[in-house]
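See below for the structure under consideration.
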Amino acid sequence: MDRGKRFKRIKTIQILGPCVVFLFGLWHFRDTYTGAAASGDMWLLKQYGILFAVILAFFGLASWILLKKQCSMEVFFVVSSLVLGTLYLCVLPPLSAPDEVRHYISAYQLSNKLMGKEQADEDGYVYIRREDDFIDNIYQIEGWNGRTTLGQKLDEETYALIHERGLFGVKEEGTMISCQLPVKTTPLAYLPQALGISAARVFCMSSIGLAFMGRFFNLLFFAAVGAWAIQMLPFGKELAVGVGLLPMTLHLAASFSYDGMIIVMCFAFASYCLYLAYRKNQVEWKDITILAAIIAWMGPCKMVYAVVLGFALLIPVKKFGGWKQWGIAAASVLAAFVISMVLVNSQVIASYAGGADNFVSWAGEEGYSLPYLLHNPVKYAEILYKTLLLQGEFYFVSAFGGYLGNLDPVLNVPFFLILVFAGVLIVMSFLKPGEKAELSWIHKVWIWALFFVCAIGVMTAMLISWTPLSAEYIHGVQGRYFLPLLPFVLLTIKSRGLRLTANHDRKLLYFMCLGNGYVLLRLFSIVSMRL
């Protein structure tokens, strides 16, 4: 293509795209005004205006990085994930993500340890500042209709309370016991969040400031590790960036949840394995140490993601120097995973292995157990099949952002935009001019096998832990559980039979930025109108 024509097309995208979002932004300004007028909180208009301005400024920055400067994918990922993640952090405020309150109190417990303070009482309830009690105990505030946590339901009152409290001006005077129990998992899952909480306590930030700071540090970790993973990935970098910029991914990364850590650590492990398999000539001990450290860090959080260990089998044995060296390396990485699992999850493993009777508390009835599934394989296969039929659409929609917040169906990405995001990822999976189909067919089959095992593992785990015997399908499975391996499944689409005549990946990623900007404006207007 002539350089002048290419530049003209880029300029058209740079101007037309933001203009469309600008028009949608004006439309949703009406909704925000309606909510502000009804509640009397006219400062919502100022906050919407600031959000609007930041989003438009980000569009300019993203177009300059992606289209004009042609910066590397890792640089673009750091900038875009930090900016968009911070905006999601503000629009969907603290404790609004799934199960976030327990992740928050787990990070708080680790913060106590880092600061040399008493962690919890004899029953496991965490010591917190008196100032921070209302975050996970909000029913004490008059007019909050029995809600237990700050982000349990996002509405205009949530924004109003955050606006009223502010970020600073509180000293840590006295402690009390939280009404929430922490998650029993590796403390490494909450290290970034705990560092953020500790920093907020040192600088005497309010409970709101503390919650935002913990989330922001988790986002920093996600951006840093994600950039490293993208740098290591030998091909298909745009796909990893695209999955990292999905609304659901950014929402999780900018929360207290360890799901963002799991996603980015799976990216890192698989990317480094592909780097060793396709780029590096010889595997060294520092490479083994890196793989062992990654799997030991994220492995104990959710055992099903141990399947990423299978990516190490893509590395040719000859790069280790022979079968003996390969065996030692494999044993070292596996030992790191096993030791971390035993140290953290020994009781859970024993419970599953022992086949103890399972009672599903939320349903008030008996649930499935591992021995039951082994003795009833037909029933097991039947419920897996019914789950895919009944819940397949939900998995697809929720993976891309159909149920943001605390699985709130109102706080969603419109379905047409979900289809567009999915289409963008599919198009970026095709070969471009000058690009090789580097994954061999056997490696593609193996990656699909790993994804299949992971999916079955996720569904089985929720079948045992969350599904009553009377259920027609498996409860508790969400689309976000499939995000850690999604970029690598998309890599398998690359083949000689599917080749584009031009490379539009950077334009498509810019379009994803535009889509996120629209989603953020829409979400703010929805919350503002929920009185």
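For the chain, list the DSSP H helices whose alpha carbon atoms reach 30 Å or more along the long axis and whose average Kyte-Doolittle value is 0.5 or above?
Values: long enough: 3-39 (53 Å, 0.11); 43-63 (31 Å, 1.66); 207-232 (38 Å, 1.42); 323-354 (36 Å, 1.18); 377-400 (32 Å, 0.60); 441-466 (37 Å, 1.65); 505-529 (36 Å, 0.91).
The qualifying helices are 43-63, 207-232, 323-354, 377-400, 441-466, 505-529.
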(request) Could you estimate the translational diffusion coefficient of the range 33-78 from the Stokes-Einstein equation, with Rh from the Kirkwood formula over C-alpha pairs, at 37 °C and 0.692 mPa s, in whole µm²/s? (result) 261
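Restricting things to alpha carbons, find the Rg to Rh ratio for the range 350-480 using the Kirkwood radius for Rh. Could you put the intermediate results ahead of the total?
Details: Rg = 18.5 Å, Rh = 17.3 Å.
Using only Cα positions, Rg/Rh for the range 350-480 is 1.07.
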(message) Taking the alpha-carbon distance from LYS386 and a cut-off under 18 Å, which aspartates and glutamates remain once sequence neighbours fewer than 8 residues away in the same chain are dropped?
(response) GLU472
(message) Antiparallel versus total DSSP beta bridges in the chain: what percent is that, nearest 5?
(response) 90
(message) Once you order the gyration tensor axes a ≥ b ≥ c over the Cα atoms, which shape class does the range 33-190 get: rounded for a/c under 1.5, otherwise prolate or oblate by comparing a/b with b/c?
(response) oblate
(request) Before anything else, pin down the relative contact order of the range 404-493: Cα pairs under 8 Å, at least 6 apart, normalised by residue count, whole percent. (result) 32
(message) Classify the range 76-120 from the C-alpha gyration tensor, please: rounded if a/c falls under 1.5, else prolate or oblate depending on whether a/b exceeds b/c.
(response) oblate
(message) What whole-number distance in Å separates the alpha-carbon centres of the range 416-493 and the range 69-126?
(response) 25
(message) With a cut-off of 8 Å between alpha carbons and a minimum separation of six or more residues, what is the relative contact order of the chain in percent?
(response) 21
(message) Sequence gap at least 6, Cα distance under 8 Å: using those rules, report the relative contact order of the range 268-415 to the nearest whole percent.
(response) 17
(request) Send over a whole-number figure in Å² for the accessible area per residue of the chain, probe 1.4 Å. (result) 43
(request) Step through the table entries LYS286/LYS318; LYS318/LYS436; LYS68/LYS436; LYS68/LYS280; LYS280/LYS432; LYS153/LYS184, compare each Cα-Cα distance with 27 Å, and write down the pairs that go over it. (result) LYS68/LYS280
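The values are calculated or read from the model by the stated rules, or taken from the named source; none is laboratory data. Note that this is a predicted model, so its numbers are computed, not measured. What goes into the accessible areas is simple: the full protein's heavy atoms, side chains included, and nothing from ligands, DNA or RNA. Shrake-Rupley method; radii C 1.70, N 1.55, O 1.52, S 1.80 Å.
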